[in-house]
Amino acid sequence: MSRLFLGNIPFGFTENQVRAWMEAEGFAIAAVELIHDRQTGQFRGFGFATLADSSQATLAVESLNRKRMFGRPITVGYALALEKDSRKTA
């Protein structure tokens, strides 16, 4: 599975709407996670999608990056893996 970063998503969109848009473009989506502000709960305009078939990741980035989602050019790229902090806290 491959995880993609999705930026500039229209505000008010839900995970189901993003999934439906990507599936309409021909990609099998395993999961979508939209990021919300911790304090206000407001959607921050970006999120992540996990493709069910990792071999489609390059095609998804090439075909969806800068494509318009209801008038907004969406940024699509490979998500960076976050490293866990290995420092121990006392």
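The values are calculated or read from the model by the stated rules, or taken from the named source; none is laboratory data. This structure is a prediction, so every number in the text was calculated from the model and none was measured. Here the Cβ is made from the backbone with ideal geometry for all residues, glycine too, and neighbour counts use every protein chain on show.
Considering every residue within the range 16-25, establish whether at least one is surrounded by 15 or more Cβ atoms within 10 Å (Cβ to Cβ), under 11 Å from the mean Cα position of the chain (by Cα) and part of a strand (DSSP E or B).
Scanning the range 16-25 turns up no residue that is surrounded by 15 or more Cβ atoms within 10 Å (Cβ to Cβ), under 11 Å from the mean Cα position of the chain (by Cα) and part of a strand (DSSP E or B).
The rows are residues; the columns are (1) of a type outside the set (A, V, I, L, M, F, W, C); (2) part of a loop (DSSP other than H, G, I, E, B); (3) modelled with pLDDT under 90.
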{"site": "Ala49", "(1), (2), (3)": "no, no, no"}
{"site": "Gln56", "(1), (2), (3)": "yes, no, no"}
{"site": "Arg66", "(1), (2), (3)": "yes, yes, no"}
{"site": "Val76", "(1), (2), (3)": "no, no, no"}
{"site": "Leu80", "(1), (2), (3)": "no, yes, yes"}
{"site": "Asp85", "(1), (2), (3)": "yes, yes, yes"}
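Condition check for Gln56 on (1) loosely packed, with under 13 Cβ neighbours inside 10 Å; (2) touching a residue at least 24 places away in the same chain (Cβ under 8 Å): one failure, at (1).
Just so you know, in the range 1-10 the residues that are under 13 Å from Pro73 (Cα atoms) and not small (Gly, Ala, Ser) include one that is nearest to the chain's Cα centre (by Cα), and it is Leu6.
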